[in-house]
Each structure stands twice: as C-alpha cells, then as structure tokens.
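The structure appears below as structure tokens.
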C-alpha cells in the first residue's frame, strides 16, 4: 500500500491575524494521524529467510471502513488551498508578485527536504559499507521514499496556485467544472483503454480540484451556505462515494486508490469539506485552549520537518526492534497478531516521542530566515520544475545513494533559482512564517 504521505499550506508572509486557529488545529491533528497510521503500517517480523517488512493494514477487511476516516489527504489539500488562498492575498497586498510567491514556496518546501534526503542517502551508503544486506538497504530506501510523492505533487500545485487563484477569482464555478470533467475524463479513459499510465494525470487534476475547494472555504463561500445545505452536500457526496465503491467502480479502500488518485478521493474531499465547515465554530473554541494552542503551534511550526522525518524514524525504530529480537532482548510479535496489537500503543507513543525529538533538533532548517525569493518568472518556473523532478527521481527508484545525489543536485538547482540573487551570492534574508503542510 502506498503511504501517505499528507502533508502543507505554507504561510509565507501571512500576518498572524489572518490565521485560523481551528484550521491550524485540523492541520496539526491530521499530521498526527499520518504519523500514527504510518506507525501501524511499518510491520516487521523474522521469517525463515530473515527480516520481513510488511504493511500490517494491507489486505485486511477491517481496514476498509476505517480508511474512510483516516484517509486525510483530501483534507490536507483542502486546508492547503485555504491557507494558500489567504497567503497569496496577503502577499499581493504587500506587492509580492506570482513569481516571488512561488519561489518562496519552493524555498520553504525544499529547504528541509534537501537536508533529509542528503542524510538518508549518506546513511544508506554507511549501511552498504558496513555490510548490511543490499535487499534490506533497498527496502529501507524504498519505504522512506514513499511519502515523498506528496512533496512532488504539492510543490507542483503550489507552483500553479497563482494561476488557479486567478481562475477562481474570475470564474469559480467554471474552474471547478473544468477540473471535475478532467478528473472524470481521466478515470474513464484509463478504464476504457486499459492504459494505466493515463490515470497518472490525476495526480495533477485531482489535487488541483481539491485544492480549489480550499479556495472556496477561504473565501467564505462554503460557510455562507446554510447548515442544512452543507450537511446535504456532505451526506450526498458520501452516499455517491459509497455507491460507486459498492459497485466496484472504485476501490472501497480509500488508501488503495491513493496513487494514482481518482474521483473517489474528490467525493471524500467534498464530504470532509462539509464536515470541516460545520465543525469550524467548535474547532475554534477547542483551538483557543492554552494547551491545545501550544501543541498545535509547535506541530505547525515544524510540520514539514515532521512529515519528512517521521518515516526515517520509523525505519530506524523497526531496525532496532529487529536487532533486539535477533539477540533475544526484545519481543517481536508477528504483525496483526494479538500480541502485536497489544504493543501498538507503546510503539506509537515511542514513534511520536522520537519524531518530536528529531523534529525539534532538525526544525531549524524549516524555521530559519530565507533568502529573498526571486521575482523572475523564468527562474521561478525552473525552480519549480527542478524541485518536482528532484522528488520524482526518488519516487521512481526509491532512495538510493545515487538517486539521493541526483535529487539533492536537482533541489539545489531549484533553491538557487528560487533565490534572489542565486545561492552563493550575497543573499538578503527575510524572516517568514514557517512552512505548514496542507493540513498537512
């Protein structure tokens, strides 16, 4: 099963008064769901031929209904669209153009990512030199690379955000309609031709459409509807989703249909949008509680760092458990057994704690002052393309020593083109709000 990966609406330059405490709480809570879910998905046991990595949630009937509640990627992109809309509005009020806005997004997304990829690549090299079996090294690199699909996709739609916002301001219904037709058209074409590659187009269309829903939320268009209308929309979208999955048109497992995404995730996103809108008054009240506010603020200030580092942390913890089991120090129950489930609360708590420590130590790359973004359209486009390619390289082959080097070089090109003047020159630095994942 492809992991999430989740998961940001970068709040570059937003004034604190423009922030929505309820949305920030949803962002933080959703990221916690991602980490917890991935903790369950990292299953490791000892087989006759050595270590066996497996997804403990894959292939189990019980996970199908659960997936409707824990598939938060549509919510990630909705909240991402909400925050991007507000951030872009604020940036324009300060005279920031589209190119500089995009370049700022590239800086904030790739700054923390390039560090993590370099560290993982170096670690894989050390593992290889130390004589760790090549299949285990490859498995570790593959597992760590899986959530990075989000980095490439989100960077791509952020690069298109100024154009998509312009379309939303001129013809919001037309934009939604065109994107919806594109999503359904890709699904139909992929199903009728049998060419699976066509479905990959929806990595763009689906998430652009869901992000567009976030623009509607940010503009107040959704909240202006009556409670009954919003409930009707949400229940109606859920009913259609249940119908198309029951008919076998789309997988009933909301994670099985994640990569590539389809119209099923759009329907789930509409359901989540309606629920979020209805819950916003309550969310604001909860978010204003001091402890909740402090925890959410800490998470949101390091959201990209948490997203990037939680999977390497999980792989290292799994490796420690494996070594402990081999040496008879730690128990290693088979994934899915009663003993395995009994140990999951402690496992998830350890995963949260270690991820928090690592994020605290490495979060400075996300929170630091950034060079002034470029105002050149050409360089902003080059930065976006190079950044997306840097993520794609890792997704195609997983993280290896070679792909890590290639990805770091591409991201270095992206960051250089996103900076005015290019990196290596005498950059001017500005303090901006740290990147936040879409809910994520």
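The values are calculated or read from the model by the stated rules, or taken from the named source; none is laboratory data. Values in this document were obtained by computation on a predicted structure and should not be read as measured data. As a convention, Cβ positions derive from the backbone with ideal geometry for all residues, glycine included, and neighbour counts pool all protein chains shown.
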Within segment 385-424, the residues that are over 26 Å from residue 87 (Cβ atoms) and either at pLDDT below 75 or part of a loop (DSSP other than H, G, I, E, B) (or both) are 398, 399, 400, 424
Extreme residue, surrounded by the fewest Cβ atoms within 10 Å (Cβ to Cβ), among residues of segment 81-103 that are closer than 16 Å to residue 384 by Cβ and touching a helix residue (DSSP H, G or I) at 6+ places or on another chain (Cβ under 8 Å): 98
Residues that are closer than 30 Å to residue 376 by Cα: list the helices (runs of 4 or more DSSP H) wholly contained in segment 89-205 that include at least 1 such residues. 98-129, 149-170, 172-193
Please give the number of the condition residue 211 fails out of (1) within 22 Å of residue 69 (Cβ to Cβ); (2) within 26 Å of the chain's Cα centre (by Cα); (3) loosely packed, with under 15 Cβ neighbours inside 10 Å. (3)
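Being at pLDDT 95 or above and touching a helix residue (DSSP H, G or I) at 6+ places or on another chain (Cβ under 6 Å) narrows it down to one residue among 144, 165; which is it? Spell out the reasoning first.
Details: 144 fails: at pLDDT 95 or above.
After applying the criteria, what remains is 165.
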How many residues are touching a helix residue (DSSP H, G or I) at 6+ places or on another chain (Cβ under 6 Å) and outside any helix (DSSP H, G or I) if we restrict to segment 235-252? 2
Among the residues of segment 297-334, what is the count of those that are outside any helix (DSSP H, G or I) and either under 21 Å from residue 31 (Cβ atoms) or touching a helix residue (DSSP H, G or I) at 6+ places or on another chain (Cβ under 9 Å) (or both)? 8
Being assigned to a helix (DSSP H, G or I) and crowded, with 24+ Cβ neighbours inside 10 Å is the filter here; which residues of segment 52-80 pass it? 73, 74, 75, 76, 77, 78, 79, 80
Name the single residue that is modelled with the highest pLDDT among those in segment 269-313 being farther than 21 Å from residue 71 by Cα and surrounded by 22 or more Cβ atoms within 10 Å (Cβ to Cβ). 313
Looking at this structure, is residue 152 within 26 Å of residue 359 (Cα to Cα), in contact with a helix residue (DSSP H, G or I) (Cβ under 6 Å, 6 or more places away or on another chain) and modelled with pLDDT of 95 or more? no
Filter segment 356-378 down to residues that are in a helix (DSSP H, G or I) and crowded, with 22+ Cβ neighbours inside 10 Å and give me whichever is modelled with the lowest pLDDT. 366
